[in-house]
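Supplied in structure tokens, the structure appears directly below.
Any read-out appearing in this document is the output of simple, stated calculations on the displayed coordinates, not a laboratory observation. This one's a predicted model, so the numbers in the text were calculated from it and none came from an experiment. As a convention, Cβ positions derive from the backbone with ideal geometry for all residues, glycine included, and neighbour counts pool all protein chains shown.
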Amino acid sequence: MSQPTQTVTDFIENLDHPLKDEVELLRTIILAADEGIIEQIKWKAPSFCYQGQDRITFNLHKNDRVLIVFHRGAKATDSQGFRFEDSTGLLEWASADRALLTFHNKADIEDKRAALTNIVSRWIHATGQ
């Protein structure tokens with residue numbers, strides 16, 4: 001498990017969002033997926049890096065859900081040849097190399113916990129090259 005940072009801990013403690021507890025639970029699951037994940041705050045939300053590149057970022061703009069954005073960095077990259085197999089069917093593809101996963105409550109997170117862990121682990125390795 002990767003270690004939480006005080007910066008993200010402070011951010012979540014001060015977060016004014018109805019799904020604050022869900023954000024903390026999702027953070028814990030993501031950090032547990034791989035020891036190489038490092039967290040920070042980027043775009044006014046927790047973001048997770050692998051090998052120095054942003055790969056997973058929370059979107060906290062909606063009050064009724066938490067979105068997790070799976071991406072290949074801050075800037076658009078050439079997605080030709082990039083393939084990621086989503087056997088769970090949970091990812092909503094925004095582009096060839098950017099996907100969203102939506103959570104509405106703790107029960108939803110628990111239902112998708114194993115799939116989320118698998119997706120996070122596979123995503124950071126697939127995009128970390």
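Between Lys44 and Asn118, what length comes free when the chain is fully extended (0.36 nm per residue of separation minus the Cα-Cα distance, one decimal in nm)? It would help to have the intermediate numbers written out before the result.
Numbers: separation 74, 0.36 × 74 = 26.64 nm, distance 2.56 nm.
Gain in length upon complete extension: 24.1 nm.
So what is the 222 nm mean residue ellipticity for the chain from helices alone, if each DSSP H run of at least 4 adds -39500 (n - 2.57) and you divide by all residues, rounding to the nearest 500 deg cm²/dmol?
Working: 3 runs with 44 residues, N = 129.
Result for the chain: -11000 deg cm²/dmol, rounded to the nearest 500.
Connecting C-alpha atoms closer than 10 Å in a GNM of the chain, tell me which of Glu39, Glu22, Glu85 has the biggest fluctuation.
Checking each option, the largest mean-square fluctuation is seen for Glu85.
Now a separate question. Using only Cα atoms, tell me the angle between helix 20-33 and the longest principal axis of the chain; keep it within 0 to 90° and round to the nearest 10.
Helix 20-33 sits roughly 40 degrees off the main axis of the chain.
Can you tell me the length gained on complete extension of the stretch Asp16 to Glu92, counting 0.36 nm per residue apart and subtracting the Cα distance? Show your work: numbers first, answer last.
Details: separation 76, 0.36 × 76 = 27.36 nm, distance 2.61 nm.
Using 0.36 nm per residue and subtracting the Cα-Cα distance, I get 24.7 nm.
I need the calculated FRET efficiency for the pair Thr28 and Glu85, taking r as the beta carbon distance and R₀ as 22 Å, to the nearest 0.05.
Working: r = 26 Å, r/R0 = 1.17.
E between Thr28 and Glu85, to the nearest 0.05, is 0.30.
Viscosity 1.567 mPa s, temperature 4 °C: give me the Stokes-Einstein translational D for segment 1-55 in µm²/s, with Rh taken as the Kirkwood radius over C-alpha pairs.
Numbers: Rh = 11.3 Å.
The Stokes-Einstein estimate is 114 µm²/s.
With each pseudo-label sitting 7 Å past Cα toward Cβ, what's the His61-Asn105 distance in nm, one decimal?
Roughly 2.6 nm, to one decimal.
Under a Cβ-only charge scheme (Lys and Arg +1, Asp and Glu -1), can you give me the dipole magnitude of the chain about the Cα centre, in debye to the nearest 20? Provide the component values of the computation, followed by the final result.
Details: 15 positive and 19 negative charges, 69 e Å.
Here the chain has a charge dipole of around 320 debye.
Apply 1/(1 + (r/R0)^6) to the Cβ-Cβ distance of Gln6 and Ala126, taking R0 = 30 Å, and write down the FRET efficiency to the nearest 0.05.
Details: r = 30 Å, r/R0 = 0.99.
E between Gln6 and Ala126, to the nearest 0.05, is 0.50.
Can you give the three extents of the C-alpha atoms in segment 6-129 along their principal axes, from longest to shortest, in whole Å?
40, 28, 26
Select from Leu67, Leu90, Leu31 the residue whose mean-square fluctuation is largest in a Gaussian network model of the chain (Cα-Cα springs shorter than 10 Å).
Judging by the Gaussian network model, the answer is Leu90.
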